[in-house]
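The values are calculated or read from the model by the stated rules, or taken from the named source; none is laboratory data. Remember, it's a predicted structure, so these values are computed and weren't measured experimentally. Quick reminder, even Gly has a Cβ in these numbers, built from the backbone with ideal geometry, and neighbours come from all protein chains shown.
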DNA sequence: CTACGAATCTAGAATTAGTCTAAATCTATT
DNA sequence: AATAGATTTAGACTAATTCTAGATTCGTAG
């Protein structure tokens with residue numbers, strides 16, 4: 001049988017640690033780094049280790065419960081929004097915000113044709129200056 | 001005078017080392033990492049150091065002579081193509097290819113409106129399977 | 001020509017993000 | 001209660017990149 005003995009029905013286990021990591025991400029409006037998640041998770045589960053945060057993030061990603069965003073300033077960010085969407089990053093303060101541009105999703109066919117890839121997803125990244133930094 | 005004494009006319013200096021790094025990038029079809037660039041640059045300039053490669057890359061980027069691409073597999077890639085364009089990355093083999101989708105560029109207004117950012121640039125990333133991996 | 005200062009380069013140490021490892025713990029099933 | 005597989009922990013390890021301090025280069029003033 002494909003299912004392991006300790007995992008009937010193939011349900012992946014949402015352990016206490018994974019749950020804590022998920023709650024941290026869901027409780028935030030922003031896009032925390034693994035380190036920020038670790039700090040916050042320790043408030044809920046004081047013995048949780050750094051490695052477990054990474055393992056949990058990998059698990060949650062695979063389960064489709066969180067989204068990982070990598071752009072270029074070092075650490076990955078994690079996002080509670082798992083539906084397809086796009087991102088804008090501020091070149092002044094580094095703030096990363098979500099937005100959805102359905103038109104971007106529609107370009108998937110054109111992008112596949114141009115690149116000759118079998119397309120799985122498309123993601124649009126806007127760089128610019130956020131509203132707060134425009135004022136300042 | 002705004003110009004420094006050793007930099008008349010504000011021309012930034014393309015030193016031997018920077019030139020070597022630029023030549024390496026221009027000589028390649030692919031998107032080398034800093035480490036690959038370092039290895040290749042040493043063939044031209046045996047004493048060049050790792051730090052200088054990074055400094056040169058920063059310089060060349062600022063001068064608009066090369067483009068840096070960060071996606072999520074660790075090291076940054078460098079691209080000789082400096083005109084706006086998009087990228088596709090293969091989820092099987094990690095290959096990164098350039099393509100241009102003018103329609104993506106046209107979304108910059110819509111993206112700015114949605115995100116409320118003052119837009120500077122947009123970049124589309126397609127994830128999927130490259131032609132080579134589709135065959136295999 | 002010589003000396004000075006600014007910019008750059010070099011080598012290696014330091015930092016950072018993330019992964020790996022091995023032993024301890026947990027949990028579902030017998 | 002015993003077992004086995006999955007998970008967690010703490011800390012060692014790795015890879016990418018940045019920092020630092022001293023050496024070098026180069027253009028210009030004297």
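Summary of values
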{"read-out": "Of residues in segment B:91-115 being out of contact with any strand residue (DSSP E or B) (no Cβ under 6 Å at 6 or more places or on another chain) and over 22 Å from residue A:106 (Cβ atoms), the one surrounded by the most Cβ atoms within 10 Å (Cβ to Cβ)", "value": "B:95"}
{"read-out": "Filter result for residue A:75 (modelled with pLDDT of 95 or more, within 14 Å of chain B (Cβ to nearest Cβ) and within 10 Å of DNA strand C (Cβ to nearest atom))", "value": "no"}
{"read-out": "Number of the condition not met by residue B:43 [criteria: (1) away from DNA strand C (no atom under 16 Å from the Cβ); (2) at pLDDT 95 or above; (3) loosely packed, with under 13 Cβ neighbours inside 10 Å]", "value": "(1)"}
{"read-out": "Options B:122, B:24, B:97, B:53: the member that is within 7 Å of chain A (Cβ to nearest Cβ) and over 30 Å from residue A:134 (Cβ atoms)", "value": "B:97"}
{"read-out": "Qualifying positions in segment B:25-70 - without any contact (Cβ under 8 Å) to a residue 24 or more places away in the chain, assigned to a loop (DSSP other than H, G, I, E, B), in contact with a helix residue (DSSP H, G or I) (Cβ under 9 Å, 6 or more places away or on another chain) and farther than 20 Å from residue B:96 by Cα", "value": "B:49"}
{"read-out": "Residues located in segment B:32-45, provided they are away from chain A (no Cβ under 14 Å) and within 13 Å of DNA strand D (Cβ to nearest atom)", "value": "B:32, B:35, B:36, B:37, B:38, B:39, B:45"}
{"read-out": "Filter result (away from DNA strand D (no atom under 12 Å from the Cβ) and surrounded by 13 or more Cβ atoms within 10 Å (Cβ to Cβ)) within segment B:46-70", "value": "B:48, B:60, B:63, B:65, B:66, B:67"}
